[in-house]
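This report refers to the structure that appears directly beneath it.
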């Protein structure tokens, strides 16, 4: 059987993915400001022409890297939620998965929470979009828990902003080593603290309502 030659589109897609993989590695190691398109092109083993065809500049590929990362992390959170059967379990799973998305991937966390903030005002919309995506995951589970009577009514927008803000500050302190700590060991206590804020006592079995 004849082997089909890769199509122009498939080759372009492969080049794009190689560039994104290389860019993620370079940005993670060197930071946004110290990285260059030349670094990325060399790491991807592609031509400058190919790189600039897909991404006109360093800012464009940085945004694409972050968009891809956010999508992957969001799918991971959705997968964790999907296996749970009660609203409290899904709420806790959403919270745990968002925490793990950042605490379990230090380089990813640094890109999304440190490098993106420091990249400049041109990335304000990208930063806002990533924050909104993860706050929405929490907000949806809060609304479902309220609708099913598992928790009392709360301002879900306010709570989701507060929860993500707490996660953001704690992870930032960990990344900056402001207060050296074993963050992984503190995650359960943080989850319990945040769940208490909506009336969920740690260790209380979740009901199905």
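Coordinate-derived values only; no laboratory data. Everything numeric here is computed off the predicted structure, so don't read it as measured data. Glycine gets a Cβ as well: all are built from the backbone with ideal geometry, and neighbour counts include every protein chain shown.
In whole percent, what relative contact order does segment 61-160 give with Cα contacts below 8 Å and a gap of six or more residues? Averaging sequence separation for qualifying contacts and normalising by length gives 30 percent for segment 61-160.
For 13, 39, 125, 92, what ranking results if the residue with the fewest other Cβ atoms within 10 Å of its Cβ goes first?
Details: 13 13, 39 18, 125 10, 92 23.
Ascending Cβ contact count within 10 Å gives the list 125, 13, 39, 92.
Counted over segment 93-157 with a bin width of 10 Å, the fraction of Cα pairs per bin, in whole percents, is 20, 39, 28, 12, 1.
As a footprinting exposure proxy, order 27, 55 by other Cβ within 10 Å, with the fewest listed first.
55, 27
Exposure proxy shown here: for 21, 34, the number of other Cβ atoms within 10 Å sets the order, fewest to most, as 34, 21. In units of the compact-protein estimate 2.2 N^0.38 Å, segment 10-56 shows a Cα radius of gyration of 1.04. With volume of the Cα convex hull per residue in Å³ as the read-out, I listed [x] 163; [y] 113; [z] 144; which label goes with the value calculated from this structure? It is the value labelled [x]. Label zone (residue 68, point 7 Å along Cα-to-C-beta; backbone nitrogen cut-off 16 Å) within segment 8-25: 10-25. Annotation: extensible slack from residue 124 through residue 14 equals 36.7 nm (criterion: 0.36 nm per residue apart, minus Cα-Cα distance). Take every Cα pair under 8 Å whose residues are at least 6 apart in sequence, average their separation, divide by the length of segment 10-56, and the relative contact order is 43 percent.
Which residues does a label at residue 185 reach in segment 148-171, if reach means a backbone N under 19 Å from a point 7 Å past the Cα toward the Cβ? Inside the label zone: 170-171. Using C-alpha pairs under 8 Å with a sequence gap of at least 6, the mean separation divided by the residue count of the chain gives a relative contact order of 21 percent.
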